[in-house]
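To start, the structure under review is shown below, and the notes come after it.
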Amino acid sequence: MRPKVLVVDDSQSIRWMIKDFLEERGFEVHTLERGKDVFNVEDLASYHVLILDIVLPDIDGLTVCRKLRERKEFANLPILFITSLDNKEERIRFFEVGGNDYLLKPLDMRELLARVEVHAKVALYTRELEEKNKALEELNQRLQRMALFDTLTGLPNRRFFDQELEKWENNYLRYGVYYAILMADLDRFKQYNDSFGHPEGDRLLHRLGQVLSEKVRKGDFVARFGGEEFVALCAFTQHEEVVLVAERLRQAVEELQIEHPGNSPYGVVTVSCGVCGRERAKNRFDALRKADMALYRAKEAGRNRVICWLDED
């Protein structure tokens, strides 16, 4: 990859001199006469060095530099000023607006080459490091997603659910924010797998995850609890209200009319649900246990129904 250099100078002879000199030494060089044209260069962020004259026919080089530094994508673009003005105050201004280096006219081409090579190498190393950091960040995000999400359904997994349940419990204890737990389980899922095979069983689990996500309310939290079992945290909900959410889910699954000969007497895929409001439990673990027990009772009572935990249970 050849380092790219952009030369901005109102003198055609200087532009051509720098261009010819650097191209002979392996650089890709482009030139501009006007300062404002810098902002119209579509791939400006891909350049490794900007050589910028101070005195330009439209706006001065200091203004160009300052405006570039206001944009995040040009924060690390090396800018090398060339000028015929040589005084301390002028040199200070170069750095105050964000310049990296400067050269005095008339140009010493050996010195120009040395400085351009140094800044181009720094730019190359910086971008390489940025690309590696970006790739590492993307990898970390993928690993985090793999750790917290179920690959089959795309829903949060048990680990993610446990973390979320702890947050909801803290809000309940500190601020009295009610929540309820809904547990749903596919009825006779083993028989479905035996009849249609595991690939179809996986597709069914994925579909149930979609239905559950659609039927809960915005702000509720849905996860795959394990196997054919799913769980939802229903926000700002007490015991009786979550039963309505669970009933919507049960009806939606039955109305899909997915054939399931092994699920007698229904003949189609159904789910059983157990629910428990946090106000009917000692703590979050107790609420989860009672929702699971309610689900078990729904299975015992004939499946394809919703059972809620009552205080007298």
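The values are calculated or read from the model by the stated rules, or taken from the named source; none is laboratory data. Everything quoted here is computed from the prediction, not taken from an experiment. Glycine also receives a Cβ, built like all others from the backbone with ideal geometry; neighbour counts cover every protein chain displayed. Note: accessible area is taken over every heavy atom of the protein model, side chains too, but ligands, DNA and RNA are not part of it. Shrake-Rupley method; radii C 1.70, N 1.55, O 1.52, S 1.80 Å.
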Task: Net charge, Arg159 excluded, C-beta distance under 13 Å - Lys, Arg +1, Asp, Glu -1 - done: -1
TODO: Show His30, His48 ordered by accessible area, largest first, where the area counts protein heavy atoms only and the probe is 1.4 Å.
DONE: His30, His48
- [ ] Read phi for every residue in segment 194-208 and hand back ³J(HN,Hα) as whole Hz from Karplus 6.51 cos²θ - 1.76 cosθ + 1.60, θ = phi - 60°, with x for Gly and Pro.
- [x] 5, 7, 10, x, 5, x, 5, x, 5, 5, 5, 4, 4, 5, 5
Open item on the list: If you take every residue apart from Asn171 with its C-beta less than 13 Å away from the C-beta of Asn171, what net charge results, scoring Lys and Arg +1 and Asp and Glu -1?
Closed with: +1
- [ ] Can you tell me the order of 76-82, 102-108, 18-24, 240-246 when each peptide is scored by its average per-residue count of other Cβ atoms within 10 angstrom, highest first?
- [x] 76-82, 240-246, 18-24, 102-108
Open item on the list: Taking the Cα centre as origin and putting +1 on Lys and Arg beta-carbons and -1 on Asp and Glu beta-carbons, what dipole magnitude results for segment 39-111, to the nearest 20 debye?
Closed with: 200
- [ ] Just the number, please: carbon plus sulfur as a percent of the accessible area of segment 246-313, 1.4 Å probe, no ligands or DNA/RNA counted.
- [x] 48
TODO: Note down the magnitude of the dipole of segment 99-240 about its Cα centre, charges +1 on Lys and Arg C-beta and -1 on Asp and Glu C-beta and zero elsewhere, to the nearest 20 debye.
DONE: 300
Task: Partner lysines for Lys190 [C-alpha distance under 20 Å; skip if fewer than 8 residues away on the same chain] - done: Lys299
TODO: Check the straight Cα-Cα distances from Lys4 and name the aspartates and glutamates below 12 Å, setting aside those fewer than 8 residues away within the same chain.
DONE: Glu23, Glu28, Asp43, Glu117
Task: Environment charge at Met1 (Cβ cut-off 14 Å; Lys +1, Arg +1, Asp -1, Glu -1) - done: 0
Open item on the list: Could you sort the peptides 289-297, 219-227 by per-residue average Cβ neighbour count (10 Å cutoff), highest mean leading?
Closed with: 289-297, 219-227
Open item on the list: Can you tell me which of Arg159, Arg91, Arg280 moves the most in a GNM of the chain? Springs connect C-alpha atoms under 10 Å apart.
Closed with: Arg91
TODO: Give, in nm to one decimal, the length gained when the segment between Thr151 and Ser13 is fully stretched (0.36 nm per residue of separation minus the Cα-Cα distance).
DONE: 43.4 nm
- [ ] Take every Cα pair under 8 Å in the chain that's 6+ residues apart, average their separations, divide by the length, and report that relative contact order as a whole percent.
- [x] 12
Task: Long-range amide H partners of Thr270 with built H, under 5 Å - done: Asp187
TODO: Can you tell me how much longer the chain between Gln251 and Arg69 gets when fully stretched, taken as 0.36 nm per residue apart minus their C-alpha distance, in nm with one decimal?
DONE: 59.6 nm
